[in-house]
Structures are given as C-alpha cells and as structure tokens.
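Taking it in order: structure first as structure tokens, then the write-up.
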C-alpha cells in the first residue's frame, strides 16, 4: 500500500494503492479487462487498519520497566503517526511492536468493499 491518511473532520480514510509493473506482470494484469482480478489479488495483510492496544502496550512497558503514563499518553495521541510511534517504541527497547497492534472494524468494511468491487468487475466483464 502506498499510503493512507485519516481525515478526522470527515471520519474517512483516503487510501492510495500503488501497483508496480513487475507485480502486475507476475499476476498477468496486462489490460483494463484484467483489472477485475485486482480485488482478489490485493494481500489483506497489506491493506489493514490497526491501532495500538493500550492494554498490551502498558504490559510491555511495565515488563521492560519503562515509564508507563507518558508513553501511554503519547501512544494514544499519536502526534507523529502510528509508524513513527512504533519506531519510537522500538528505540525504547520494545521488540516486535507489531504485536501491540489490533485490527479495527474498518477491516471488515474494506473486505466487503473489495468483494463488492470484484463482483462489480465480474458483472461488467459478463456484459
């Protein structure tokens, strides 16, 4: 995935997906007609929305004897974004910070949208 940003004022996400030529070729996507297969090819692990589990973070911070309150507050606010926060937590000494992440309900809506998109392409292909 190229990037995703959340517009807090509208409570929506803007997602940009970038497909490289080598990936498209490896999946035999050569024409507009082949695009119907894209929704089923997008790896779900690459397109998921997550947040930091504050409960898991608190346990990890206590286990590593790191300041809890300040780090929880920062993780809750994410002033520099999720990716930078995970990097910051790694720099503090936490390993496998991906284990602190939990999926959002948004993932279910994304999965449904991808399935609907695939079905729509299939219908257009049949016409």
message = Which condition from (1) modelled with pLDDT of 90 or more; (2) surrounded by 15 or more Cβ atoms within 10 Å (Cβ to Cβ); (3) part of a helix (DSSP H, G or I); (4) out of contact with any strand residue (DSSP E or B) (no Cβ under 8 Å at 6 or more places or on another chain) is the one that residue 55 breaks?
response = (2)
Test result for residue 6, outside any loop (DSSP other than H, G, I, E, B) and modelled with pLDDT of 80 or more = no
message = So residue 75 ticks every box in (1) at pLDDT below 95; (2) over 19 Å from residue 104 (Cα atoms); (3) in a helix (DSSP H, G or I) but one. Which box is left unticked?
response = (2)
key: Among (1) more than 14 Å from the chain's Cα centre (by Cα); (2) in a strand (DSSP E or B) - the single one residue 15 does not satisfy   = (1)
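Conditions tested, residue by residue: (1) under 19 Å from residue 14 (Cβ atoms); (2) modelled with pLDDT under 95; (3) touching a strand residue (DSSP E or B) at 6+ places or on another chain (Cβ under 9 Å).
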{"site": "26", "(1), (2), (3)": "no, yes, no"}
{"site": "40", "(1), (2), (3)": "no, yes, no"}
{"site": "60", "(1), (2), (3)": "no, no, no"}
{"site": "70", "(1), (2), (3)": "no, no, no"}
{"site": "93", "(1), (2), (3)": "no, no, no"}
{"site": "96", "(1), (2), (3)": "no, yes, no"}
{"site": "109", "(1), (2), (3)": "yes, yes, no"}
{"site": "114", "(1), (2), (3)": "yes, yes, no"}
{"site": "119", "(1), (2), (3)": "no, yes, no"}
key: Options 114, 86, 100: the member that is surrounded by 14 or more Cβ atoms within 10 Å (Cβ to Cβ), touching a residue at least 60 places away in the same chain (Cβ under 8 Å), closer than 30 Å to residue 23 by Cβ and under 15 Å from the mean Cα position of the chain (by Cα)   = 114
inquiry  = I'd like to verify a number: residues in segment 42-76 that are closer than 30 Å to residue 16 by Cβ and out of contact with any helix residue (DSSP H, G or I) (no Cβ under 9 Å at 6 or more places or on another chain), how many?
reply    = 3
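The values are calculated or read from the model by the stated rules, or taken from the named source; none is laboratory data. The model shown is predicted, which means the values in this text are computed figures rather than measured ones. In this analysis, Cβ positions are derived from the backbone assuming ideal geometry, glycine residues included, and neighbour counts consider all displayed protein chains.
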